[in-house]
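Structure first, then comments.
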Amino acid sequence: AVVSTQSTGGTHLTKKGVSRLIQDELVSAALHTNYNQGLSVNGFVGFVSLAGGMVGSLWRVKEGNYELPKRLLEASGAAVLAEKVVSVTKTPEGKFTVKTDSSGNEYDAVVIATPLHNSGIILDTPTPTKRPFQRTVATFVEGTLRDLVPGSSNPSDILTTASPSQPFFSSIGFKGRSESGERIYKVFTKEPMSDTQIEELFVSVRDVKVVDWYAYPHYNTSLPLPDFELDKGLYHLNAIEHAASAIEMSCIGGRNVANLVWTYLTGATGPNPEGICRDGKVEL
């Protein structure tokens, strides 16, 4: 897997004997709808993108992926502090002071579980090289889609391929119906759509909602993968996103970091089968 992060998706697939036509018309379509990027991503991201819709079965969490961390939090029994973290500094004794916008506490180990590029958290340890993230705009439109596919009715999902004439959107997906019976579509773009662009896609529009965020890294092969360990006792779970971003990858990253914390706190080696905090305090 590490080797595949060191070359672009296109280069890696070419070495595997995948034709340019398949890359442009199939792999690019998966990358556009999953990562809003093209074949310049690293090879591992390309494979993860294909696994997300073109290989085997695809599953989802009922009521949304947020149910996974929610249930894990409930099972952990950790105390939740609804405060914004401002800084994490290391004490002379090797512990960590975590300051928030309303309090401060000292901990034996700290795990940062958010992308560092826009967290605003001040660290007194050397931080990883700042890496760009991909802006992704999801526009949810309740309305009637125009006939966009020549010669046939629109499929439930409209994907785009690698082409000089690629449209301004990356993909369009049918998400269901509103209470009034109108169809709801999700349109992926790299920039917010103008009213004119929305009119190009839809005959009529009843409602529009926009989610504009930097959803995942902008993948390239110029930087090495970052470490989970920022300092002894200080860990960054989201480092794994720079290999590929997916909830399954976050689960793997969480397990890796849990084992690193266990090793740091106990001096033991190998995974901890019983939980790292039987006798300690955990706060999130």
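The values are calculated or read from the model by the stated rules, or taken from the named source; none is laboratory data. In this text, all values refer to a predicted model and were calculated from it rather than measured experimentally. Every residue, glycine among them, receives a Cβ derived from its backbone with ideal geometry; neighbour counts consider all protein chains shown. Remember, those area values only see protein heavy atoms, side chains included, never the ligands or the DNA or RNA. Shrake-Rupley method; radii C 1.70, N 1.55, O 1.52, S 1.80 Å.
Things to note:
- Residues (exposed (fewer than 12 other Cβ atoms within 10 Å of the Cβ) and modelled with pLDDT of 80 or more) located in the range 147-164: 147, 149, 152, 153, 156
- Failed item, numbered, when residue 161 is tested on (1) of a type outside the set (Lys, Arg); (2) in contact with an Asp or Glu (Cβ under 6 Å, 6 or more places away or on another chain); (3) within 19 Å of residue 210 (Cα to Cα): (3)
- Subset of the range 165-177 (residues that are modelled with pLDDT of 90 or more and either open to solvent by 70 Å² or more (accessible area, probe 1.4 Å) or of a type in the set (Phe, Trp, Tyr) (or both)): 168, 169, 174, 175, 177
- The set of residues in the range 80-125 that are under 23 Å from residue 247 (Cβ atoms) and in contact with a helix residue (DSSP H, G or I) (Cβ under 6 Å, 6 or more places away or on another chain) comprises 111, 113, 115.
- Options 203, 187; residue that is among the aliphatic types (A, V, I, L, M) and surrounded by fewer than 16 Cβ atoms within 10 Å (Cβ to Cβ): 203
- At least 2 residues being within 17 Å of residue 234 (Cβ to Cβ) is the threshold, and among the strands (runs of 3 or more DSSP E) wholly inside the range 102-153 those reaching it are 104-107, 110-112.
- So residue 30, is it among the hydrophobic types (A, V, I, L, M, F, W, C), over 24 Å from residue 228 (Cα atoms) and either touching a Phe, Trp or Tyr at 6+ places or on another chain (Cβ under 9 Å) or in a helix (DSSP H, G or I) (or both): yes
- Residues of the range 125-140 include none that is on the phi > 0 side of the Ramachandran plot, within 21 Å of the chain's Cα centre (by Cα) and without any contact (Cβ under 8 Å) to a residue 60 or more places away in the chain.
- Output for the range 183-218, where each listed residue is in contact (Cβ under 8 Å) with a residue 60 or more places away in the chain, hydrophobic (A, V, I, L, M, F, W, C), part of a strand (DSSP E or B) and within 14 Å of residue 140 (Cβ to Cβ): 188, 202, 205, 208, 210, 211, 213
- Flag if residue 142 is among the acidic types (Asp, Glu) and open to solvent by 30 Å² or more (accessible area, probe 1.4 Å): no
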